[in-house]
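As C-alpha cells, the structure follows; a few thoughts come after it.
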Amino acid sequence: MNQLSDNKIEFLKGVGPKKALILQKELGIFTFEDLLLCFPFRYVDKSRIHKAAEINDDNVYYQLLGTVSKIKAHGAPRTNRITAEFTDESGIIELVWFKGLSWIKTRFQPGKQYVIFGKASVFNNKFNFVHPEVEDYNPDDFTLGESLQGVYNTSETMKNHGLGTRQIARLVKTLLFQFHQQIPEVLPGPVLKQHGLLSRDEALHHIHLPADASMLQKATDRLKFEEYFFFQLHLLHNKLQHDKTIEGFRFASVGQLFNTFYHKHLPFPLTNAQKRVIREIRTDLGSGRQMNRLLQGDVGSGKTIVAFMVILLALDNGFQAALMAPTEILANQHYSSILEYAHDLRVSIALLTGSTRQKERQQLHRRLQDGSLQLLIGTHALIEDTVIFDNLGLVVIDEQHRFGVAQRARMYEKSSSPPHILVMTATPIPRTLAMTQYGDLDYSQIDELPPGRKPVETIHLYQSQRLRMIGFIRKQIQLGRQIYMVYPLIKESEKMDLINLMEGYEALLRDFPEPEYRICMVHGQMKAEDKDFEMQRFVKGQAHIMVATTVIEVGVNIPNASVMVIEHADRFGLSQLHQLRGRVGRGADQSYCILMTDFKLTADGRKRMQTMVETNDGFKIAEVDLQLRGPGETQGTRQSGALEFKLGNLAKDETLIRTVRKTVFDLLDRDNKLQQGENHCAKAYYEKLYKKQFDWSLIG
Ligand code: ADP
Ligand code: MG
C-alpha cells in the first residue's frame, strides 16, 4: 500500500470526517496525495521588512514595521470606513478598513510597534493598504517568515469550516513532515537526470514551502514536467496500443487512377506542401496500420484535391471511400468539385444528403453494397445505419470540429476493420494543442497557399462610419464584384439576432434598390431548399450581395465574391472571423474584409479586431485565440477535461511540451510496456492516474 496515495484525507491529523467532506466537495481532495497536489496559486514574501519609502508598485505585497496613529472614522453619522496612518523611519502610508470597524478602532495603541503585511494599492495617486494583516511586534519572539509562503485557493464554505489558506498550509506542512523524504518518485531516474529535475519529494516540498524563489522555480518546473509527462504517456501509449492491435487495410500500390490523374489531368501544379502531405498519407496507407490523421490547412490551401487524390489511392486498391461534410451546401460543393476533378477518370461517384429522394437512396444503397459505387460524398446521412458499404477503406471528414467525436467513431463500424480516417480542418491548431489535444493523431499540415493569392485586406470600422462601408461596396459592385454581408446568429440571442438580420437586410434594400441591385439572403432558420435557391442566385452571379448568418462559414467557394462585411464582428470568435474572411480572396482580384463594430468594445474584442487587421496568418490568429480564451474554449468538441492542467499552460509551454513528448516517445520506443525496473514507478503511477478514465484513443 502506498501511504501517500491510499490514505484518506480524513485520517490526517487536524482533518477528521467533517473537514474531509468539505475538502472533497470543494477541492476534490480525497487522499493525502491529493492534498499535496493542491498547489498554492501564489506566494507572498515575508522574509524581510520593507520600508514605507520602498513601496513603488501596486499589487505587490509588502511587510512593514512601524507605528499606527491618527485612526479616523469616515462617513458620519454611520462609519463606513476607517483610515489610519502607518509610520516608520522612512515615511508614512495610509491603511484602510471597510469591515470589522469597531474592532479596528481599539486595535492600536499609540507608540507601539506593529508588523503590517498587505498588498499595496493606489488611491488618489498615493499608495495605501486595504485590510492589511496586522500583528503586534515583539522583538523577543519575532522571526522573519519563510522566504515565500504559499497562498491556497479556498472558498467561503471552506473558510467557515476552519479551512482558510493558513489552515490548508498547516495541513500541508503536517503532511510534508510526516512524509519527510519518503514521498515516492514517479518519474524514471534517467528522465530526472537527463532533464535535471528535482526529485518528487523535493519538488512537493518546495512548491509548498519554497526555500527561495529559485527552488520554487525548480519545483514548479519538475511538477509541470510530471504533469505533461503522464498526459503524453497516456496519448502515446494509447496510440501505440492502437497501432499494434488494430489492423489497417494496406493500400500497397499506387495504381492506374492515381497515376492517370497525376500525370494527365491535374488542373494545376500542386504546391510543395500538397505534394508532401500526399506523400505522408501515402506512406501511412501503405504501412498496414490503420491511419488516424489530422490534415490541417488554412482556408484556400487546397485540401480538396489532396482528399481526392487520397481517395483515388483507396479506389486503386479496390476499396470504397466516403467523404463527409458538415453541411448540405458543403457536401454539394465537394460533390461538384470532385466530379470536375474526376471528369476524365472512370470513377463512380454519388451524393447522399438529407434531401436525397427515397428512390434514389435505395438505388444508391444497393450500389454501395454490391460495390459498384466507389465514392460516396455526403452529410451526416452517411452515418445512418442503413448505409452499408461493400468494403469501405477510407473515410475523409471535412471540417472536423462540426462533427462530434461520437459521430466520427460510428464510421469505424462501417467496415470489417476500421477504415483509414483522414480528418481535414481549416481551423489552424496551435502547436501545443496539436501535441496535446490531438496528440494521439498523426498530423499533416499544408502550410503554403497556392501561388498568386493576394492577401485579403482587412479594415475595422465603427458603426458611425457606415456610409464609408456602403460607398465602398457600391464601388466594388460597379467593378463587377459580389459582396457577403454576415450577421451573427447564436442560440442564446436568436430572436434578437434574426431581427437584426432582417433590419440589416431592409436597410440594405434601401441603399441598394432593385432592380439595379439584387440582394439574396441565407440563414439557418430557412428550409434547405430555400437556402439552396438563394445560395444558387449568388453562386450564379444573379445577386450582388448575400446577406447571411454564419451558415456560410465553412467551405463555400465563390471566387468572384471579393468583399466580406462582418456585422457585430466583436461577437465572433477569432477562428470564426478567420474562417469568414477565408470566403473571400479566392479569385484574382484584391479582396477586402470589413469588420463593423460599435465604438465601445471590450479589451478582448478590441484585441480580436486588431489581430484580424494585423495578420492573415491562421496560425498567429490561433495562437492569439488560445491566449485569449484558453484551450477548452477554442476547440470545443473534444473532452475538455483533457486540457486542464494544474501548472501547465498551453498558451506558453510549447517548448516544454515538445521536450516532454519526445522524452515519452523515446521511452516507449525503448520499453513500450514500461517493464524495465527504472520505469516501474512511472507505470504504477500512470495506471492509477488514468484508471478511471475511458479510453479515447480510438476516437481521434
Ligand atoms: P480548402 O483547403 O479551403 O478546402 P480548396 O480545396 O477548396 O481549399 O481549394 C481552394 C481553391 O484553390 C480551389 O478553387 C482550388 O481549385 C484551388 N487550388 C487548390 N490547390 C491549388 C494549386 N496547387 N494551385 C492553384 N489552385 C489551387
Ligand atoms: Mg474545403
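The values are calculated or read from the model by the stated rules, or taken from the named source; none is laboratory data. Here the structure is a predicted model, which means the values were calculated and not measured. Note: ideal-geometry Cβ built from the backbone for every residue, glycine included; neighbour counts use all protein chains shown. With ligands, DNA and RNA removed, areas are computed over all heavy atoms of the protein, side chains included. Shrake-Rupley method; radii C 1.70, N 1.55, O 1.52, S 1.80 Å.
The single residue among L163, L204, L175 that is over 23 Å from I49 (Cα atoms), over 35 Å from the mean Cα position of the chain (by Cα) and surrounded by 19 or more Cβ atoms within 10 Å (Cβ to Cβ) turns out to be L175. Screening the candidates G286, G302 for the property of being of a type in the set (G, A, S), more than 29 Å from the chain's Cα centre (by Cα) and either buried (at least 20 other Cβ atoms within 10 Å of the Cβ) or under 22 Å from V347 (Cα atoms) (or both) yields one hit, G286. Given the structure, is R608 buried (at least 17 other Cβ atoms within 10 Å of the Cβ), under 26 Å from the mean Cα position of the chain (by Cα), of a type outside the set (F, W, Y) and part of a loop (DSSP other than H, G, I, E, B)? So R608 does not fit the description; no. When L294 is tested against (1) in the same structural domain as P267 (by TED's automatic domain parsing); (2) modelled with pLDDT under 90, just one condition goes unmet, and that condition is (1).
Filtering the stretch 430-481 down to residues that are more than 16 Å from ligand 2 (Cβ to nearest atom) and among the basic types (K, R), which residue is least open to solvent (accessible area, probe 1.4 Å)? Looking at residues that are more than 16 Å from ligand 2 (Cβ to nearest atom) and among the basic types (K, R), I get R481.
Looking across M564, M596, M612, one residue alone is within 16 Å of ligand 1 (Cβ to nearest atom), closer than 30 Å to G541 by Cα and of a type in the set (A, V, I, L, M, F, W, C). It is M564.
Considering each residue of the stretch 207-242, count those that are open to solvent by 40 Å² or more (accessible area, probe 1.4 Å) and over 23 Å from the mean Cα position of the chain (by Cα), and give that number. Here the count works out to 8.
Scanning the stretch 433-464 for residues that are assigned to a loop (DSSP other than H, G, I, E, B) and within 16 Å of ligand 1 (Cβ to nearest atom) yields a total of 10.
Between residues in the stretch 299-319 that are in contact (Cβ under 8 Å) with a residue 60 or more places away in the chain and more than 11 Å from ligand 2 (Cβ to nearest atom) and residues that are part of a helix (DSSP H, G or I) and not β-branched (V, I, T), which pairs lie under 7 Å by C-beta distance while being six or more apart or on different chains? These pairs meet every condition: L313/F258; L313/R282; L313/L285; L315/L257; D316/Q256; D316/L257; D316/F258.
Residue check: is V347 crowded, with 21+ Cβ neighbours inside 10 Å, over 20 Å from H380 (Cα atoms) and either without any contact (Cβ under 8 Å) to a residue 12 or more places away in the chain or β-branched (V, I, T) (or both)? When the stated conditions are applied, V347 does not pass them.
A quick yes/no check of all residues on (1) more than 16 Å from ligand 2 (Cβ to nearest atom); (2) modelled with pLDDT of 90 or more; (3) buried (at least 24 other Cβ atoms within 10 Å of the Cβ):
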site	(1), (2), (3)
Q536	yes, no, no
G541	yes, yes, no
V551	no, no, no
V556	no, no, no
P559	no, no, no
M564	yes, yes, yes
E567	yes, yes, no
D570	yes, yes, no
D589	yes, no, no
